[in-house]
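Report on the structure given below.
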Amino acid sequence: MKQFAQHGAMAGDKILEGAKQGFLDGVIFSPRDIKKDSLKSKIAALRGVASGIEILFDPQFYAASLAGKDEVRLGNLPEDYTDYFVAKRRQDLEKEASVTDTVTQCLTLQSNFDVDILVGPNILIPRSLNSIETVIAKTFFRKAIEMQAQFKKDVYPTLSISRDALLDREELDIFLDELSSLDQPPKGVYLLVGASDSAARFDIYHADILANWMLVNYIFAINGIKVINGFSDLLMPLLGAVGGYAGATGWWSNLRMFSLDRFQPSAGGGRPPNPRYLSCNLYNRIASFELHRLRKSFPNILNQLASDGDYSEVNGSEPERAKEPLQSWAAIKHLNATLVKGGDAKESLRRCRAHIEQASTLYQSIIAKSPFPRLEEKSNEEHLESIKAGIELFLKKAEIKL
């Protein structure tokens, strides 16, 4: 399973450093957060430090539905990327010619940059896979594939599905069967699963959502279609276990979970979040002060990776802010390497299941040990039960016996 950086605001040198240290296999650029004039130089800098890195561009056309709304945060999209990023009414998108124009303009713009894959634009399917939005999304999907012959690089359509739409297993089966059995299937897909709120942890850490997200990867993989899972964060190893090609994550919560609320007006104010440490053995991030409190009694919450050095006890286990995403990428890369055995879904799933059980056991040891106070909500073990249930549901749906 390859790990890509999900680019976003305040990138600084984080991605460049992640590529230098070998934590990243690719980068998915966000046009909202980078001007067109800067994109070429950023790509060139990445090529200079990691020659084999894969570069993609997320068109973010799914955000065009918000254009014109008060205080919406579209960044550079409506100024620098008007080649394709133009607000269109649903009635316009129901016309095939309009979709064709948008896809052509978007792929043409990307072809002028040193990217490895051209990513087709698409809308978000908001509620149901049996809807007019799904019909429009399938038109975008097919048009991107049809244009493959016009470009020298592979074209991957975007498939952006809300968590609500993903819940309907019957409609999902029909949808996947149609897309994976096209006369001219794509070589790969850029897949996004949308939460209603990027801070709503259990919107995505939900057994049925996880099982169906895994199923999408599994079905596409057995049909020879690569899946790049945007905003997948700690779900990467599970998606890689069933054949996913790559996953992506960034440094803010809205770069770890996909939601259109990233483009909505900001509430503003508030203090910066506490620095966090991604513990492989807990399969979760804990606050740096929690790491400091627990590390002597529970040394196995540490990853024993070089990036642990950035969380020195001398400094109260608090890292420099720029080091936090690097530690996170290092940890997920380690999890991918440990849990995903390429080409062997059964063995990979066995490893994932065993690892989640071990994480639960470690959490129980921490909970049982007094006088430690309860961990923060973001740091606790509640997500593990959903992951365990999601794996079992996937096994049942895919008719796999371990």
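The values are calculated or read from the model by the stated rules, or taken from the named source; none is laboratory data. Every value quoted in this text rests on a predicted model; they were computed, and no experiment measured them. For neighbour counting, all protein chains shown are included, and Cβ atoms are generated from backbone atoms with ideal geometry for every residue, glycine included. SASA here: full protein model, heavy atoms, side chains in, ligands and nucleic acids out. Shrake-Rupley method; radii C 1.70, N 1.55, O 1.52, S 1.80 Å.
The distance between label points at ARG169 and GLN358 comes to 3.0 nm (points 7 Å beyond Cα on the Cα→Cβ vector). Per-residue extension of 0.36 nm, minus the Cα-Cα distance of ASP92 and ALA368, leaves a gain of 93.4 nm for this segment.
Suppose every Lys and Arg Cβ carries +1 and every Asp and Glu Cβ carries -1, with no other charges. What dipole size does the range 183-316 come out with about its Cα centre, to the nearest 20 debye? Don't skip to the end; give the middle numbers.
Values: 11 positive and 10 negative charges, 51 e Å.
Dipole magnitude for the range 183-316 comes out near 240 debye.
Among 105-116, 217-228, the peptide with the highest mean count of other Cβ atoms within 10 Å heads the list, and the full ranking is 217-228, 105-116. Accessible surface calculations at 1.4 Å, restricted to protein heavy atoms, place the range 218-269 at 28 Å² per residue.
Rounded to the nearest 20, the size of the Cβ-charge dipole of the range 1-152 about its Cα centre is 180 debye, with Lys and Arg at +1 and Asp and Glu at -1. Under a model in which nothing but the beta-carbon of Lys, Arg (+1) and Asp, Glu (-1) is charged, the chain shows a dipole of about 740 debye around its Cα centre. The angle separating the long axis of helix 96-111 from the principal Cα axis of greatest extent in the chain is about 60 degrees. Along the charge dipole of the chain, pointing to its positive end and built from +1/-1 on Cβ of Lys, Arg, Asp and Glu, which listed residue (LEU109, LEU124, ALA359) has its Cα farthest out? Positive-most Cα among the choices belongs to ALA359.
Relative to the longest principal axis of the Cα atoms of the chain, the long axis of helix 132-146 makes an angle of roughly 80 degrees. For the options LEU291, LEU282, LEU305, a Gaussian network treatment of the chain with springs between C-alpha atoms closer than 10 Å singles out LEU305 as fluctuating the most. Ranking SER253, ILE53, ASN300 by how far each Cα lies toward the positive end of the dipole of the chain (charges on Cβ) leaves ASN300 at the top. Between the residues PHE4, ALA44, TYR62, the greatest Cα displacement towards the positive end of the dipole of the range 1-65, with unit charges on the Cβ of Lys, Arg, Asp and Glu, is found for ALA44. Quick one: work out the % antiparallel among DSSP beta bridges in the chain, nearest 5. If we restrict to bridges inside the chain, about 10 percent are antiparallel. Here the extension length gained between ARG47 and ILE222 equals 59.8 nm, from 0.36 nm per residue of separation less the Cα-Cα distance. Measuring nothing but protein heavy atoms, the accessible surface of the range 171-330 at 1.4 Å probe radius is 50 percent carbon and sulfur.
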